[in-house]
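The next block holds one structure in the form of structure tokens; read it before the comments.
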Amino acid sequence: MNIQDYLSSGILELYAMQQLSPAEALEVEAMRKKYPEINREIQSIEDALQSFASAQAKPPPAHLKSDLLKRIEEQIGDTQKHSPQPKSMRPLNAWRAVAAILFLATSVLGYFSLQKSRTGHLELQQCAEQNKVLMQTNKELRDPATKKVAMQATDTLKPFSAIAFWNSRTEEVRLDGSQLPPVDAGLQYQLWAIIDGRPVNAGVFDPSDAIQTMKSIRGAQAFAVTIEKRGGALTPNLKAMVVMGKV
């Protein structure tokens with residue numbers, strides 16, 4: 001087994017974020033016991049995730065400590081001044097008051113710590129979901145059945161382009177439209193697949209740095225992008241075609 005391939009596979013990150021199935025998690029646990037370098041890598045990932053969660057969490061308000069201390073002092077003063085009990089009992093009652101206030105302080109700080117933990121955990125879950133999507137997209141793009149269709153500008157004087165990734169086996173379509181310019185608020189880009197000479201709607205999209213998932217397509221010979229009214233059209237406005245490419 002190639003340890004470096006295992007370290008770079010992404011499975012250790014998913015293990016640290018508790019995103020593996022029970023069987024997969026048991027396999028990783030067995031591997032970390034067998035190989036010290038895998039165990040060190042897991043510890044490094046867990047430390048990084050903890051640092052991320054701590055950095056993103058909100059601390060308790062700055063005035064909280066001073067407010068609690070002030071409340072303790074007031075409680076001690078009130079107890080000593082108004083207690084009808086013997087003087088020997090007053091210190092005891094004062095410290096009971098202090099204990100009550102400290103319990104309240106501990107509870108408040110515990111609440112903020114819990115909120116901090118929840119915030120960090122939620123953000124880690126979001127990162128895990130994003131990581132899953134990225135790994136799945138990367139796997140699909142590396143599939144031999146995925147064809148990269150480079151769409152060039154229909155107006156050769158404009159530097160527009162887009163790339164469609166079409167898997168002829170699964171029929172899934174991904175789109176990189178990051179090189180297309182923004183359009184007016186009431187307009188939107190629409191991807192079309194050309195099948196037997198006829199345009200088929202493959203979905204609408206806005207320019208984004210992320211690779212977007214479009215509608216599944218079977219038997220495409222080409223792809224094209226037009227500018228349509230927001231929400232898309234039933235048939236393409238050929239005068240508003242911006243890019244096109246053959247499969």
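Only the coordinates and a few stated rules stand behind these numbers; no lab work does. None of the values given here were measured: they were computed from a predicted structure. Glycine also receives a Cβ, built like all others from the backbone with ideal geometry; neighbour counts cover every protein chain displayed.
If neighbour count is taken as other Cβ atoms inside 10 Å, put Leu180, Leu238, Leu7 in order from fewest to most.
On the way: Leu180 22, Leu238 11, Leu7 16.
If I rank by nearby Cβ atoms, fewest first, I get Leu238, Leu7, Leu180.
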**Request:** State the extension gain, in nm to one decimal, for the chain segment bounded by Asp184 and Gln18, taking 0.36 nm per residue of separation less the distance between their alpha-carbons.
**Result:** 55.5 nm
**Separation of alpha-carbon centers, the range 143-184 and the range 214-234, rounded to whole Å** = 11 Å
**Asked** So what's the Cα pair-distance distribution over the range 146-246, bin width 10 Å, in %?
**Response** 17, 55, 26, 1
